[in-house]
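Right, I'll just put the structure down here and ask away after.
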Amino acid sequence: MKQEICKNCGKEVTAIGRKLFCCAECQSNHYNKNQKIKKSKNISFVIITKSCIYCGKEFKTTYKNQIYCSNKCRNRRKYLHKKKIFKKIKKICKNCGIEFETAYNNKIFCNNKCLYKMVIYKNRTCKFCGKKFIGSSGKLFCSNECMHNCNKKTIKCKFCGKDFETILHNKKYCNDECRNSMPKKHTCKFCGKKHYRKGIFCSEECLNNYRKKTVKCKICGKEFESSAIVPKYCSNKCLKKRRCNKNLTNL
């Protein structure tokens, strides 16, 4: 805590930081007194006459650093300055040979199409058929047919032993007849049928029927069958009743 003196009335003031006045009235009275003194002295700014750099007209200002008479002259001066820096140059396109104007010395092509033709889309040769085509750097084949023919492989059928060509690496049989005529190794736990699948059941129906159990509902007490892992409620109504009871208990 510090003790300071009010500038207006001269009373002692106790405050944590710097405090110049004891109240708001002293502050306003002190400000009004200083304003009246300034008006009595008739303080006036020095007026200077200058000439505009752009148009050459004379104008009066109180600022020493002012150069332009208005914002129009200032903006026109900036526009002309930019034009002098970015002068347009005539050049010839490397691809099509047409003349075009640019403000950049490094520009070679008149538009993006010529750029893509010369730089990105170049003359390339197909890996499979050897034809020439225009394409990007990542393109290796002229068409999808050549791409599929290049990736084809010869595989022996497990049932008949014939050689056949495929794109898929995991294919084992030449057709559906050979696949169906193979001996069935696996047997279903529910129905007892033989099947090709690696699982225990031949279909999802058998799996659901195998899981079915008779359970009592926790709310109404009815017995019902369900294939769920942890069945509790027979219907959505019982489930909603359970949720309502939970909300009431939480309150």
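The values are calculated or read from the model by the stated rules, or taken from the named source; none is laboratory data. Note that the structure is a prediction, hence the values are computed from the model and not measured. Positions of Cβ are backbone-derived with ideal geometry, glycine not excepted, and every protein chain shown enters the neighbour counts.
Can you tell me which of (1) in contact with a strand residue (DSSP E or B) (Cβ under 7 Å, 6 or more places away or on another chain); (2) exposed (fewer than 12 other Cβ atoms within 10 Å of the Cβ); (3) outside any strand (DSSP E or B) is the one residue 90 doesn't meet?
(3)
Looking only at residues in the range 149-174 that are loosely packed, with under 13 Cβ neighbours inside 10 Å and free of Cβ contacts under 8 Å to residues at least 12 places away in the same chain, which one is nearest to residue 122 (Cα to Cα)?
Within the range 149-174, the match that is nearest to residue 122 (Cα to Cα) is 168.
Right, something else. Among the residues of the range 149-173 satisfying the criterion of being part of a loop (DSSP other than H, G, I, E, B) and charged (D, E, K, R), which is farthest from residue 96 (Cα to Cα)?
Among those that are part of a loop (DSSP other than H, G, I, E, B) and charged (D, E, K, R), it is 158.
Return only the number of the condition from (1) within 27 Å of residue 113 (Cβ to Cβ); (2) surrounded by 12 or more Cβ atoms within 10 Å (Cβ to Cβ); (3) not small (Gly, Ala, Ser) that residue 179 does not satisfy.
(1)
Can you find, within the range 124-148, the residue that is farthest from the chain's Cα centre (by Cα) among those that are surrounded by 13 or more Cβ atoms within 10 Å (Cβ to Cβ) and assigned to a loop (DSSP other than H, G, I, E, B)?
129
This table checks each residue for (1) among the hydroxyl-bearing types (Ser, Thr, Tyr); (2) part of a loop (DSSP other than H, G, I, E, B); (3) in the same structural domain as residue 135 (by TED's automatic domain parsing); (4) in contact with an Asp or Glu (Cβ under 8 Å, 6 or more places away or on another chain).
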residue	(1), (2), (3), (4)
55	no, yes, no, no
59	no, no, no, no
63	yes, yes, no, no
68	yes, yes, no, no
72	no, no, no, no
96	no, yes, no, no
108	no, yes, no, no
113	no, no, no, no
116	yes, no, no, no
